[in-house]
Amino acid sequence: MTKIAVIGVGYVGLVTGTCLAELGHQVIGVDIDQQRIKNLEKGIIPIYEIGLEELVIKNTQNKRLSFTTDIGKAVKESDIVFIAVGTPPMPDGSVNMEYVNAVAESIGKNMNGYKVIINKSTVPIGTGDSVHRIIEKFYNGNFDIVSNPEFLKEGTAVADFMNPDRVVIGANCQKAAEIVKNLYSEFKTEFIITDIKTAELIKYASNSFLATEISFINSIANICEKIGADVNKVSQGMKLDSRIGKKAFLNAGLGYGGSCFPKDVKGLIQIASENGVRFSILEAVEDTNMAQKQSLLAKIQKLLGEDLHNKNITIWGLAFKPHTDDVREAPSLTVIRQLLDRGVNVKVFDPIATEQAKKILDGKIEYEDDLLKSTKNADCLVIVTEWPEFKEIDLNQLKANLNQPNIVDGRNVFEVEQMKESGFNYISVGR
Ligand code: NAD
């Protein structure tokens with residue numbers, strides 16, 4: 001049983017720590033947010049992730065998982081320390097390293113023997129070295145730094161962690177790489193063992209490539225709208241090419257959001273530029289994504305006219321994607337702000353992200369907790385997140401509720417033919 005400290009118990013740290021406990025290790029989760037730790041000790045989970053609550057409760061009860069705000073105690077008692085704090089973007093697109101650096105300093109001050117320090121946060125290339133230098137300032141014993149980027153997806157984080165497509169381990173010595181590999185000995189997956197910088201780059205390259213696929217298919221969708229083609233069929237036709245692949249990220253919609261893709265695309269542009277490389281593809285990916293998030297407005301105006309003042313518009317979906325309560329950089333924020341600026345009466349429904357959205361959104365917004373009721377007297381329904389329950393709605397009841405049968409579907413939730421037959425004025429993406 002390995003003794004592990006996980007510093008930062010947000011989406012990544014809490015899932016990592018809990019799953020490592022479930023795998024049989026002794027884990028202590030650390031956070032500076034006292035309320036978060038108090039809640040976790042009572043079994044109250046700060047984020048929504050399928051299956052997480054049960055695992056946290058099970059592993060705290062069997063004493064393999066505990067939580068503290070005392071980083072010193074956690075570091076001293078552990079052989080392995082994960083850094084899983086946030087790395088948000090700075091206004092210029094570079095990565096804010098203050099949290100990682102602060103944690104590295106605390107680790108350095110509390111080292112009491114050989115430990116492996118693992119960077120799980122998504123960090124710029126060279127962070128392995130900089131964390132090493134910070135710890136070295138306070139501790140002159142032996143230790144190793146390993147990069148072990150995380151690829152879980154919010155919404156399916158526990159399942160992704162337990163069944164990864166691959167585990168990437170970047171280390172400068174075989175011994176440290178083996179220690180980290182042993183943590184995951186139960187995983188039947190491909191292990192990529194490499195140097196630290198390569199591991200750090202794999203994470204940025206993967207997220208930026210996925211974002212590129214999204215902007216690519218959204219540009220195809222825009223052509224489809226001009227020529228009357230169907231982007232879903234284009235995507236299907238592309239995915240059947242085995243070099244592209246059936247799981248390719250080619251779903252047209254409102255663009256990417258969340259806490260990772262926007263920041264990691266920006267981060268990689270910055271990393272490239274610092275190294276004298278202009279990553280112009282990614283600059284276009286960002287521009288395309290911004291335009292895509294803003295593109296719903298014109299579609300709404302097509303149905304309701306240019307002047308939206310005092311129109312009643314209902315938004316379905318606040319989370320940046322289904323099965324998460326994360327609204328960071330969500331397209332819903334862009335759409336809602338555009339509508340509020342134009343004097344629209346905005347009503348919103350999301351199955352779980354409402355509380356998170358309230359923390360970010362200003363302005364007069366009516367939050368509704370019933371899906372169907374939220375459409376009462378709306379001049380237009382706008383779908384921003386593809387929650388599965390939206391597809392199950394009774395279309396007759398929906399139509400009866402709306403003032404006018406207008407739907408702008410930013411996620412292609414419904415079939416075009418079905419909506420036409422049901423008498424809706426229906427505009428979707430690239431169809
Ligand atoms: P998060 O904001 O949900 O959680 C970060 C946590 O760290 C917070 O609870 C915060 O209070 C805590 N923290 C900050 N400073 C601290 C300190 N000095 N000591 C202890 N705790 C501290 O962030 P997240 O979404 O879990 O992301 C963490 C990292 O993982 C980021 O680098 C992110 O890019 C990367 N990542 C995220 C995802 C994802 O889907 N969210 C996926 C893969 C990788």
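The values are calculated or read from the model by the stated rules, or taken from the named source; none is laboratory data. Predicted, not measured: the structure shown is a model, and the values here were computed from it. All Cβ positions, glycine included, derive from the backbone under ideal geometry; neighbour counts span all protein chains shown. Just so you know, the surface numbers come from the protein's heavy atoms only, side chains and all, with ligands and any DNA or RNA stripped out. Shrake-Rupley method; radii C 1.70, N 1.55, O 1.52, S 1.80 Å.
Of note:
- So Ser215, is it open to solvent by less than 50 Å² (accessible area, probe 1.4 Å) and either touching an Asp or Glu at 6+ places or on another chain (Cβ under 8 Å) or assigned to a helix (DSSP H, G or I) (or both): yes
- Residues of the stretch 282-306 satisfying the condition of being in contact (Cβ under 8 Å) with a residue 12 or more places away in the chain and not in a helix (DSSP H, G or I): Ser295
- Residue within the stretch 400-409 that is β-branched (Val, Ile, Thr), under 19 Å from Lys302 (Cα atoms) and without any contact (Cβ under 8 Å) to a residue 40 or more places away in the chain present: yes
- Test for Val158: is it under 22 Å from Gly257 (Cβ atoms), in contact with a Gly (Cβ under 6 Å, 6 or more places away or on another chain) and within 13 Å of the ligand (Cβ to nearest atom): yes
- Scanning the stretch 164-187 turns up no residue that is within 16 Å of the ligand (Cβ to nearest atom) and over 22 Å from Gly13 (Cβ atoms).
- If you filter the stretch 114-128 down to residues that are open to solvent by less than 10 Å² (accessible area, probe 1.4 Å) and of a type in the set (A, V, I, L, M), you find that the one that is farthest from the ligand (Cβ to nearest atom) is Val116.
- Looking at the stretch 129-201, none of the strands (runs of 3 or more DSSP E) lying wholly inside it contains 3 or more residues that are without any contact (Cβ under 8 Å) to a residue 12 or more places away in the chain and either surrounded by fewer than 16 Cβ atoms within 10 Å (Cβ to Cβ) or in contact with a helix residue (DSSP H, G or I) (Cβ under 9 Å, 6 or more places away or on another chain) (or both).
- Qualifying positions in the stretch 230-254 - free of Cβ contacts under 8 Å to residues at least 60 places away in the same chain and in a loop (DSSP other than H, G, I, E, B): Leu240, Asp241, Ser242, Arg243, Ile244, Gly245, Lys246, Lys247, Ala248, Phe249, Leu250
- Test for Leu398: is it within 15 Å of Val335 (Cα to Cα) and open to solvent by less than 10 Å² (accessible area, probe 1.4 Å): no
- Every pair of residues 6+ apart whose Cβ atoms lie under 7 Å, when the first sits in the stretch 206-217 and is within 14 Å of Gly245 (Cβ to Cβ) while the second is surrounded by fewer than 19 Cβ atoms within 10 Å (Cβ to Cβ) and not hydrophobic (A, V, I, L, M, F, W, C): Ile217/Asn251
- Of everything listed in (1) exposed (fewer than 14 other Cβ atoms within 10 Å of the Cβ); (2) closer than 24 Å to Lys137 by Cβ; (3) not small (Gly, Ala, Ser), the single unmet condition for Pro88 is (2).
- Residue list for the stretch 91-105, filter: touching a residue at least 60 places away in the same chain (Cβ under 8 Å) and either within 14 Å of Val6 (Cβ to Cβ) or open to solvent by 10 Å² or more (accessible area, probe 1.4 Å) (or both): Asp92, Ser94, Val95, Tyr99, Val103
- Complete set of residues in the stretch 112-128 that are within 21 Å of Val168 (Cβ to Cβ) and part of a loop (DSSP other than H, G, I, E, B): Lys115, Lys120, Ser121, Thr122, Val123, Pro124, Ile125, Gly126
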